[in-house]
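Undergrad: Just passing along the structure, written as C-alpha cells.
Bear in mind these aren't lab numbers, they're just calculated from the coordinates by the rules spelled out. This structure is a prediction, so every number in the text was calculated from the model and none was measured. All Cβ positions, glycine included, derive from the backbone under ideal geometry; neighbour counts span all protein chains shown.
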Amino acid sequence: MGADTGGVVVTGGARGIGLAIARNLASSGHGVVIADLDEAAGQAAASDIKSEGGRAVFCRVDVADRAMVAAAVATCQEAFGHIHAIVNNAGFNKPQNFLETTEDNWNRIMKVNGLGVLIGIQEAAKAMIAAGHGGSIVNTASIAGRSGDGQWAPYCASKAAVISLTQAAARALAPHGITVNAFAPGVVETDLWTQLDLDLIALGAASRPGEAMENFSRNIPLGRTSRPEDIVGTVAFLISPASAYMTGQCLMIDGGMVMQ
Ligand SMILES: NC(=O)c1ccc[n+]([C@@H]2O[C@H](COP(=O)([O-])OP(=O)(O)OC[C@H]3O[C@@H](n4cnc5c(N)ncnc54)[C@H](O)[C@@H]3O)[C@@H](O)[C@H]2O)c1
C-alpha cells in the first residue's frame, strides 16, 4: 500500500459491488473517492478503507447531477493529485410488468443508469484532458444489457445504453489517451437483490425471499451466484497498464450466463 497511483472515483461505492471495487483499488495504492447518494453508508465505507490502511474520502453525489459529479472529480484531484480513473457503477432497478411499465419508471431508471454514466464519463474525461494525461473509464453494465427481461425493460435498456455509451466514448476519447471499457455482472449477492426480491414478490412474480435469485441462478454454467469480490480483479485490470490496448469493450463476469 501507499504507492502514489492517483485517485479513482467509484460511484455507488458505499456498498455492494462498488464498495468491493473501492476496497480492492485502495489496497493496491489508489486513493478512492466513494461517490454515493447514501451519506451514512458512504462515510462508513471510507472510514473502513482508511482503517485497513487505504486512502479514501467520501463525496455525496447523485450521479444524475452534473455539478455533484464534477465536485467529486475535483475532490479526487485535490486529495490524490490526479484522477487516474472513474468507475461509473451506481445504478438501480425497479421491476414492473412489461405492459404496465410507466414513463416515470423509465425516466427514473434511465436518469441514473444511463444519463448518470454519460455525465460520469464526461466530467472525468474533461478533467483528464485538462490535466494533460490519459486515464481509464470503467462502466458497470449487466447481463440485462445483453438479454432482455420482461419485468425490467427500462433496466435492460439502461444497461444496453451503458454498453453503447462505452463504445461511443471509447471512440471519442481515444485521441486523448483515455480508454473506456465496461464489465457486465450476472447475479451478484448484494442489497440490490434484497430489494429486487421484495419488488418481485409485490408483483406476484415470486412467493418468498430468495426465490427470484434461485430462479435466475439455476442454469449458471459455473454453478453458483457471484459475490462482489468476483468483480474486483477485472476492474483492477481495466484501469491498469495491462489493458492499455483495449477500449470500447464489455467484459462479461457472469459465470457464463451470456456467451457471445
Ligand atoms: N447485484 C447484481 O446482481 C448486479 C448485476 C448486474 C449489474 N449490477 C449493477 O452493478 C451496480 C452496483 O450494483 P450493486 O448490486 O452493488 O447495488 P447496491 O444496491 O448494493 O449498491 C448500489 C449503490 O449505488 C448507490 N446509488 C444508487 N443511486 C445512486 C445515484 N443516483 N447516485 C449515486 N449513488 C447512487 C446506492 O446508494 C448504493 O450505495 C449497479 O449499476 C447495478 O445495476 C448489479
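Undergrad: Per the Kirkwood treatment, what hydrodynamic radius in Å, one decimal, follows for the range 134-179 from the mean inverse distance over all distinct Cα pairs? Working shown, then result.
TA: On the way: mean 1/r = 0.0884 Å⁻¹.
After inverting the mean inverse Cα-Cα distance, the result is 11.3 Å.
Undergrad: How big is the range 161-260 on each of its three principal axes, counting only the C-alpha atoms and giving the largest first in Å?
TA: On the principal axes, the range 161-260 reaches 52, 25, 24 Å in Cα extent.
Undergrad: Computed FRET efficiency, Cβ-Cβ of V258 and S207, R0 22 Å: what is it to the nearest 0.05? Intermediate values should be presented prior to the final figure.
TA: On the way: r = 27 Å, r/R0 = 1.22.
For R0 = 22 Å, the calculated efficiency reads 0.25.
Undergrad: Next question, about the same structure. Taking the 0 to 90 degree range and rounding to the nearest ten, how far is the long axis of helix 229-238 tilted relative to the main principal axis of the chain, both from C-alpha atoms?
TA: The helix 229-238 is inclined about 40 degrees to the chain.
Undergrad: Here's something else I'd like to know. Would you mind calculating the relative contact order of the chain from Cα pairs under 8 angstrom and at least 6 residues apart, reporting the percent as a whole number?
TA: On the way: 550 pairs, mean separation 47.1, N = 260.
Averaging sequence separation for qualifying contacts and normalising by length gives 18 percent for the chain.
Undergrad: Counting other beta carbons within 10 Å of each Cβ, put L222, L19 in order, fewest first. Show your work: numbers first, answer last.
TA: Values: L222 12, L19 25.
Ranked by crowding around the Cβ, least crowded first: L222, L19.
Undergrad: Let me ask something else about it. With springs only between Cα atoms under 10 Å apart, run a GNM on the chain and tell me which of N181, N93, N113 wobbles the most.
TA: Greatest mean-square fluctuation among the candidates belongs to N93.
Undergrad: Another one. Cα axis of helix 116-131 to longest principal axis of the chain: angle in degrees, 0 to 90, nearest 10?
TA: 10
Undergrad: OK, next. Restricting attention to the range 8-99, which GluC sites (Glu not before Pro) occupy a DSSP loop and are surrounded by at most 14 other Cβ atoms within 10 Å?
TA: In loop regions of the range 8-99 (DSSP not H, G, I, E or B), the sparsely surrounded GluC sites (Glu not before Pro) are E52.
Undergrad: Helix 191-202 against the longest principal axis of the chain: what's the angle in degrees, Cα atoms only, rounded to the nearest 10?
TA: 20
Undergrad: Take D254, D199 and order them by how many other Cβ atoms sit within 10 Å, fewest up front.
TA: D199, D254
Undergrad: Looking at the calculated P(r) for the range 57-214, what percent of the C-alpha pair distances fall above 26 Å? All intermediate terms of the calculation are to be shown ahead of the outcome.
TA: Numbers: 3995 of 12403 pairs.
More than 26 Å apart: 32 percent of the Cα pairs in the range 57-214.
Undergrad: In addition: Once label points are set 7 Å from the Cα along Cα→Cβ at both S240 and L198, what is their separation, rounded to one decimal in nm?
TA: Going by the 7 Å Cα→Cβ label model, 3.8 nm.
Undergrad: Determine Rg/Rh for the range 1-101; Rg is computed over alpha-carbon atoms and Rh is the Kirkwood hydrodynamic estimate from the same atoms.
TA: Reported Rg/Rh, Kirkwood definition of Rh: 1.05.
Undergrad: Which whole-number percentage describes the relative contact order of the range 133-223, with Cα contacts under 8 Å and a sequence gap of 6 or more?
TA: Values: 98 pairs, mean separation 25.2, N = 91.
Computed over the range 133-223, the figure is 28 percent.
Undergrad: Once the piece of chain linking E229 and T102 is laid out straight, how much longer is it, given 0.36 nm per residue of separation minus the C-alpha distance between them? Walk me through the numbers on the way to the answer.
TA: Numbers: separation 127, 0.36 × 127 = 45.72 nm, distance 3.45 nm.
Computed gain between E229 and T102 is 42.3 nm.
Undergrad: Exposure proxy check: I86, I21, I201 ranked by fewest other beta carbons within 10 Å? The partial results should precede the final answer.
TA: Working: I86 32, I21 28, I201 15.
Sorted ascending by nearby Cβ count, the order is I201, I21, I86.
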